[in-house]
Amino acid sequence: MTATAFEYGPNHAFVDPCAVDDLGGGDYLLPPPRPAGRLHTAIDPRDRRRLELHAALTAAGIPPRPEDREAIESLSALSGSVNSTIQRWLHHTL
């Protein structure tokens, strides 16, 4: 019979790190969002398309590389309908 690590040594109890309440009054690492403190600025449509394209590529398992920046910038400059089509194609690759 082979001994396992659990057979010898001190008795180790299971510790649930989520049950610890010593994180500043709660179990959250970050404070809850404050909607009143948000900036009320709109994102440029081109920037939004660029961010959405990055997210779609990453979700499809194709994380953009630094050398892909020029291609992503060029694609983001195209119309919203073209960008939506590219994202739809990427979504269907899953």
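Laboratory data are not the source of any read-out in this text; all were calculated from the coordinates shown. Bear in mind that the values here come from a model prediction, so they are computed numbers and not experimental data. Please note: Cβ atoms are built from the backbone with ideal geometry, for glycine as well, and neighbour counts cover all protein chains shown.
Odds and ends about this structure:
- The residues H54, H92, when put in order of fewest to most other Cβ atoms within 10 Å, stand as H92, H54.
- Each of S79, S84 has some number of other Cβ atoms within 10 Å of its Cβ, and from fewest to most they run S79, S84.
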